[in-house]
Amino acid sequence: MYYRSLFPRDLFAELDRLQRGMQQPFDPNPNIRGLTRGFPALNVGGSSQAVDIYAFAPGIDPATLEVHLVKGMLTIAGERKVDPVPEKATLHIDERFAGRFRRVVSLPDDVDPNAIEAKYRDGVLHVRILRKEEAQPRRITIQ
Amino acid sequence: MSENPAVTKATEISRDEAALLPPTDVIEDAGGITLYADLPGVPKDKLALQVEADTLTIEGEVALDLPEGMESSHAEVSLPRYRRAFTLSRELDSSRVSAELNQGVLKLRIPKAEHAQPRRIEIQVA
């Protein structure tokens, strides 16, 4: 949140405010609160060999994470439990996600549903799905 | 700036490098405050905690094992860095901060200084 200049006749401050206002929608983090849109946040990348999905889900027991692949749809679901606030304590800032979550990613057609591996480290779930053998790039030898 | 709550939000200290704001919970009890921050992808050795005067700064670098030749097609975590600064109340003892990082969640405990601890005063019966 940016406030209007206290000196309305200061043209440069007004221009600066206007510029910031226009940049705000494109700023990766325009808000002072560190909220994300969905939980977990997902980064997706791919190469000619595999598709890589990173789910930023910190503080979760990996045994309770559910990763399913059904008909080319990858589902990441689970529940994040946050310690309850003890009695006589005050919660001043409450921004961290708590509760059940579920996110679904549609995968390309050329992935191999049998070649999938998932790792959880430092609060990030990394799901790697290899592309099918016939979809991988090959060098053709010239006779 | 610091009456109550014991911790107030402050803007980022340095704006030279863009960083993400980690979501945070702050709980205050009689003995001090507990701060939880979500820092997914930050290993222990890439986390920096700093207390300078009355400002607590949390900074962490994301270290993911990116396979070779991978091209990003969709990114919600768009920067490889987290940073957030908090102004600590004077009643907190910043010299006794304890921190633990577990699966991307940082837990900080900052006790209140001796003089700010609640005390029970014994009533002498004459």
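How many residues, within the stretch B:18-65, are more than 10 Å from chain A (Cβ to nearest Cβ), polar (S, T, N, Q) and in contact (Cβ under 8 Å) with a residue 24 or more places away in the chain?
Final tally of qualifying residues: 2.
If I ask for residues that are open to solvent by 80 Å² or more (accessible area, probe 1.4 Å) and away from chain B (no Cβ under 11 Å), which ones from the stretch A:107-143 would you list?
A:ASP109, A:ASN114, A:GLU117, A:GLU133, A:GLU134, A:ARG138, A:ARG139, A:ILE140, A:THR141, A:ILE142, A:GLN143
Which pairs turn up if I take residues in the stretch A:60-87 that are more than 15 Å from A:PRO40 (Cβ to Cβ) and facing chain B (nearest Cβ under 9 Å) and look for partners that are open to solvent by less than 50 Å² (accessible area, probe 1.4 Å) and assigned to a strand (DSSP E or B) with beta carbon separation below 7 Å, at least 6 apart in sequence or on another chain?
Matching pairs, first to second residue: A:VAL85/B:ILE27; A:PRO86/B:ASP29.
Scan the stretch B:113-120 and give yes if some residue there is aliphatic (A, V, I, L, M), buried (at least 18 other Cβ atoms within 10 Å of the Cβ) and in contact (Cβ under 8 Å) with a residue 24 or more places away in the chain, otherwise no.
Looking through the stretch B:113-120, none of the residues is aliphatic (A, V, I, L, M), buried (at least 18 other Cβ atoms within 10 Å of the Cβ) and in contact (Cβ under 8 Å) with a residue 24 or more places away in the chain.
List every residue pair whose Cβ atoms lie under 7 Å apart, where the two residues are 6 or more positions apart in sequence or sit on different chains, the first residue falls within the stretch B:79-104 and is open to solvent by 60 Å² or more (accessible area, probe 1.4 Å), and the second residue, located anywhere, is in a strand (DSSP E or B) and of a type in the set (Asp, Glu).
Hits for this filter: B:PRO80/B:GLU61.
In the stretch B:66-98, which residues are in a loop (DSSP other than H, G, I, E, B), among the acidic types (Asp, Glu) and either in contact with a His (Cβ under 6 Å, 6 or more places away or on another chain) or facing another protein chain (nearest Cβ under 7 Å) (or both)?
B:GLU76
The values are calculated or read from the model by the stated rules, or taken from the named source; none is laboratory data. Quantities reported herein were computed from a predicted structural model and do not represent experimental measurements. Glycine also receives a Cβ, built like all others from the backbone with ideal geometry; neighbour counts cover every protein chain displayed. The protein model used for the area step is the full one, side chains on, heavy atoms only, and it has no ligands, DNA or RNA in it. Shrake-Rupley method; radii C 1.70, N 1.55, O 1.52, S 1.80 Å.
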